[in-house]
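The values are calculated or read from the model by the stated rules, or taken from the named source; none is laboratory data. Source: prediction; values computed, not measured. Cβ atoms come from the backbone with ideal geometry, glycine included; neighbour counts cover every protein chain shown. In case anyone asks, the SASA skips ligands and DNA or RNA and just uses the protein heavy atoms, side chains included. Shrake-Rupley method; radii C 1.70, N 1.55, O 1.52, S 1.80 Å.
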Amino acid sequence: MAKLAGAAKTGGRSQAKSRFAVGVDVGGTFTDAVIVDTERGRIYQSKAPTTPQDLSQGVFDALNLSEGFSAETLLPRTNKFAHGTTQSTNALFTRNGAKVGLIATRGFGDQILIMRGGGRVAGMSLPERRHFAPTYKPDPIVPKPLIVEVSERVDYKGAVITPLDPEEARRALEALLEKGVEAVSIALLWSLRNPAHERALRDIAAALSPGTYVSVSSELAPVIGEYERTATAVIDAYVGPSTVDYIRLLAERLRDAGLRSALLILQAGGGVSRAEQVVPVQTIESGPAAGILASQFLAEKLGHRNVIATDVGGTTFKVGLIVEGEWAYARDTVVEKFTYRAPMVDVTSIGAGGGSIAWVDEGRLRIGPQSAAAEPGPACYGRGGAAPTVTDADVVLGYIDPDYFLGGRMPLEGALAEKSIRERIAEPLFGGDVVRAALGIRQVVNAQMADLLRKVTVERGHDPRDFVLMVYGGAGPTHCALFGPEAGVGRAVVPFTAPVHSAFGAVTSDMRVTLERSDPLAAPPEPGRVRNLYRALENEALERLKAEGKRRGEIELSRSASLRYRRQMHEVSVPVPAGRLDGKALAGAVEEFERRYEARYGRGAAYREAGVEFIGFKVEAVGRQAKPRLVRRRPKGKSPSGALKGRRPVCFDAVKGYRRTPIYEGERLASGNLVPGPAIIEYASTTVVVGPRQRAEVDPYQNVTLHLGGGRRR
């Protein structure tokens, strides 16, 4: 893991007057900012277009657009600046990362290319795998000519069988450097047991080319699975240089503008780290993780224990679960069909969002996964896009006011939306009826969203009727009135930070270190050996958080273990109690494993006669950070008349057609207001649709709770 130089550090000017916490999230289309006045409890939010050529400029644009602030006046008074970046994600998705070389054990160089034989379908559901076209193998991140092998061997116990030859190692590295590699990844067999050879290669690389980025598998992922460890090192090397350069540039610009607190970078594992401690591979898909953190924080305030967090952006629909107040890590980290080992909040996504393209497939209406993205965008953007999208349908049906998109800062072209839907959808499928075509687009995309909700609940043994929806992202509040009831959910909460929810999650985040080690042990394992494993992991986690400025009293430790039946591939994670472990505690972990195994795979699936084994041991250390204080507002009556803007035609179904529907200004709604459906609640950056026979209620924190009908209240 390369260290980041030049990051902003605490110190310098006195922070006696510091009172603001800032969260920023860079998305593919917009850069979001949330500013919390920690003294008064006020929360400000803003959005600015993302600036792909220099992402840091979009950050400053968002800060300068915030109500009553500029970067120069805000940053000197900021005591927390947490940032979620898409730099690493974009590098991987657009294949714009570094030129990477790989050093592997002789005979194992093709592991990254073979992908354990599952690269064609990694991350795909069973129905998706039935369609051959999408089951392609991704282009390799490191091509075969940039893979070199060295003669060395360590056995499964860590004993050196074949020593590493320093001269051969030097020649291998020189060969890669001569081919112009910008980063080097090192992944040797059984390095998790004995990392000496990987460390020797790292030191040789540093001596030969001090400026070259180096990733070492035993430092990033000391776990069983040579392909997953190799992929982790390769991906980190691929996204590392650009991520480090971007964070360094941002840190310098923030420091020059007056920031004296540490720059904190959001990780996909659900926490933040100081910029100088960042692990680039762990920042991939950190934005969705921040949304789950914000949902957990808000759900706790509102008293909701079971939540389906849904993020509907321009390209994707992302869903994560909070069960009994806690979110979970993903069992497999899969991005772009590469499976690697890095902590990641469990979020499932499909290609369905506001920018998803509607198209005709042999007489059927299909939505996505292709997206119009930000450029050229939906047809109604007027930037040259001709393909009809979900947003175009929302405009045609009256849900989105073309003159009030982004609070009026970005007017839309309703005529272009109608033209696109007529030519490409209505004429081929609906006899030229644009309204029926637009309703069909909404129906299909909402059905896809409802299907995903059922997948992440029912298929995991949960009843969706026992959950509350948390709906955010620009398009989420516009669609939840349909996809929520279809999935069987009776209530939805639209947070007051819905358009910038991930940025708010960055503000609410804690520092977090997650460490894992593989050491297969048959159950029941010897308690002393397990105690030693956890002691080593806990000490390392504590040292890392102390290096980030946390005192022992601010750090919470938790343990877990991965278990499986012998000769099976399916692992299940279970909690392990704190304190001194004995045989009884470990036997309890085995019982919990069997209970969870049957809950996931069906009653009677457990088979203890096969034998149970502990595979991996994990420690999570959380350094608590100060949380925003939300101000409760007193109820001001049920009538929302003070927020009524007027009425406009909105179409909810083909039979009744357009009806004049009340339009409310969301910022003027007060605590206690009840809005009966059908109605539209407009905010500067999102629109809440209240369907017929539904109602909306404003809570004391200015969130909107939608009573959707159906489901049952727990």
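Taken over the stretch 473-492, the criterion of being part of a strand (DSSP E or B) and surrounded by fewer than 24 Cβ atoms within 10 Å (Cβ to Cβ) is satisfied by Arg491 alone.
Residue pairs whose Cβ atoms lie under 8 Å apart, sitting 6 or more positions apart in sequence or on different chains, and linking a residue in the stretch 362-386 that is closer than 13 Å to Gly314 by Cβ to a partner that is among the polar types (S, T, N, Q) and surrounded by fewer than 15 Cβ atoms within 10 Å (Cβ to Cβ), do not occur here. The one condition from (1) part of a loop (DSSP other than H, G, I, E, B); (2) modelled with pLDDT of 95 or more; (3) at negative phi that Arg383 does not meet is (2). Restricted to the stretch 302-314, and to residues that are within 22 Å of Gly377 (Cβ to Cβ) and not acidic (Asp, Glu), which residue is least open to solvent (accessible area, probe 1.4 Å)? Ranking the qualifying residues of the stretch 302-314, first place goes to Val312. When restricted to residues that are in contact with a His (Cβ under 9 Å, 6 or more places away or on another chain) and open to solvent by less than 10 Å² (accessible area, probe 1.4 Å), the stretch 691-703 contains 1. The residues in the stretch 262-295 that are of a type in the set (Ser, Thr, Tyr) and under 23 Å from Asn306 (Cβ atoms) can be counted, and the count is 1. Among the criteria (1) assigned to a helix (DSSP H, G or I); (2) crowded, with 24+ Cβ neighbours inside 10 Å; (3) touching an Asp or Glu at 6+ places or on another chain (Cβ under 8 Å), the one Ala393 does not fulfil is (3). Counting only strands (runs of 3 or more DSSP E) that fall entirely inside the stretch 315-362 and contain at least 1 residues that are crowded, with 24+ Cβ neighbours inside 10 Å, the qualifying elements are 317-322, 333-335, 338-340, 356-361.
Taken residue by residue, the stretch 494-510 has no member that is touching a Leu at 6+ places or on another chain (Cβ under 8 Å), surrounded by fewer than 22 Cβ atoms within 10 Å (Cβ to Cβ) and either assigned to a loop (DSSP other than H, G, I, E, B) or of a type outside the set (Val, Ile, Thr) (or both). Residues in the stretch 175-186 that are open to solvent by less than 70 Å² (accessible area, probe 1.4 Å) and either among the hydrophobic types (A, V, I, L, M, F, W, C) or assigned to a helix (DSSP H, G or I) (or both): 7 in all.
Give the residue that is farthest from Asp236 (Cα to Cα), with candidates limited to residues of the stretch 58-78 that are part of a loop (DSSP other than H, G, I, E, B) and open to solvent by 50 Å² or more (accessible area, probe 1.4 Å). Residue satisfying both the conditions and the ranking: Gly68. Out of Ile224, Ile235, Ile265, one residue alone is closer than 30 Å to His570 by Cα, β-branched (Val, Ile, Thr) and outside any helix (DSSP H, G or I). It is Ile224.
Given (1) open to solvent by less than 60 Å² (accessible area, probe 1.4 Å); (2) assigned to a helix (DSSP H, G or I); (3) in contact (Cβ under 8 Å) with a residue 60 or more places away in the chain, where does Tyr597 come up short, assuming only one miss? Among (1) open to solvent by less than 60 Å² (accessible area, probe 1.4 Å); (2) assigned to a helix (DSSP H, G or I); (3) in contact (Cβ under 8 Å) with a residue 60 or more places away in the chain, the lone unmet condition for Tyr597 is (3). Just one of (1) part of a helix (DSSP H, G or I); (2) modelled with pLDDT of 95 or more; (3) in contact with a Leu (Cβ under 9 Å, 6 or more places away or on another chain) fails for Ser295. It is (3). Out of all the residues in the stretch 42-57, is one or more modelled with pLDDT under 95, more than 25 Å from Ala290 (Cβ to Cβ) and open to solvent by 10 Å² or more (accessible area, probe 1.4 Å)? No, every residue in the stretch 42-57 fails to be modelled with pLDDT under 95, more than 25 Å from Ala290 (Cβ to Cβ) and open to solvent by 10 Å² or more (accessible area, probe 1.4 Å).
The residues listed here are Ile400, Ile425, Ile421; of these, the one that is open to solvent by less than 40 Å² (accessible area, probe 1.4 Å), in contact with a strand residue (DSSP E or B) (Cβ under 6 Å, 6 or more places away or on another chain) and part of a helix (DSSP H, G or I) is Ile425.
Kindly indicate whether Glu300 is in a helix (DSSP H, G or I), modelled with pLDDT of 90 or more, among the charged types (D, E, K, R) and closer than 29 Å to Tyr701 by Cα. The answer is yes for Glu300. Restricted to the stretch 517-539, and to residues there that are open to solvent by 50 Å² or more (accessible area, probe 1.4 Å) and touching a residue at least 60 places away in the same chain (Cβ under 8 Å), the residue that is farthest from Ala342 (Cα to Cα) is Pro524. Of all the listed residues (Lys638, Lys627, Lys645), the sole one being in a strand (DSSP E or B) and open to solvent by 40 Å² or more (accessible area, probe 1.4 Å) is Lys645. Cβ-Cβ contacts under 8 Å between residues 6 or more apart (or on different chains), taken from a first residue in the stretch 425-443 that is more than 18 Å from His479 (Cβ to Cβ) and aromatic (Phe, Trp, Tyr) to a second residue that is open to solvent by less than 60 Å² (accessible area, probe 1.4 Å) and assigned to a helix (DSSP H, G or I), are listed as Phe430/Ala437; Phe430/Gly440.
Conditions first: (1) open to solvent by 30 Å² or more (accessible area, probe 1.4 Å); (2) more than 32 Å from the chain's Cα centre (by Cα). Gly611 passes all but one, so which condition is the exception? Here Gly611 clears every test but (1). In the stretch 267-292, the qualifying residues are those that are more than 10 Å from the chain's Cα centre (by Cα) and closer than 17 Å to Gly23 by Cβ, and the one that is most open to solvent (accessible area, probe 1.4 Å) is Arg274. I'm checking my understanding of the structure. Among residues of the stretch 135-163 that are among the acidic types (Asp, Glu) and open to solvent by 20 Å² or more (accessible area, probe 1.4 Å), which one is farthest from Gly180 (Cα to Cα)? Among those residues, the one meeting the criterion is Asp155.
Pairs meeting the criteria (first residue in the stretch 461-486 and in contact (Cβ under 8 Å) with a residue 40 or more places away in the chain and among the acidic types (Asp, Glu), second residue assigned to a helix (DSSP H, G or I) and open to solvent by less than 10 Å² (accessible area, probe 1.4 Å), beta carbons under 7 Å, at least 6 apart or on different chains) are Glu486/Asn446; Glu486/Ala450. Across the stretch 79-127, the qualifying residues are those that are among the β-branched types (Val, Ile, Thr) and not in a loop (DSSP other than H, G, I, E, B), and the one among them that is most open to solvent (accessible area, probe 1.4 Å) is Ile114. As a summary of the residue check, Ser671 satisfies the conditions (1) crowded, with 17+ Cβ neighbours inside 10 Å; (2) without any contact (Cβ under 8 Å) to a residue 60 or more places away in the chain; (3) farther than 19 Å from Pro635 by Cα except for the one numbered (3). Among residues that are under 26 Å from the mean Cα position of the chain (by Cα) and surrounded by 14 or more Cβ atoms within 10 Å (Cβ to Cβ), Val619 is included.
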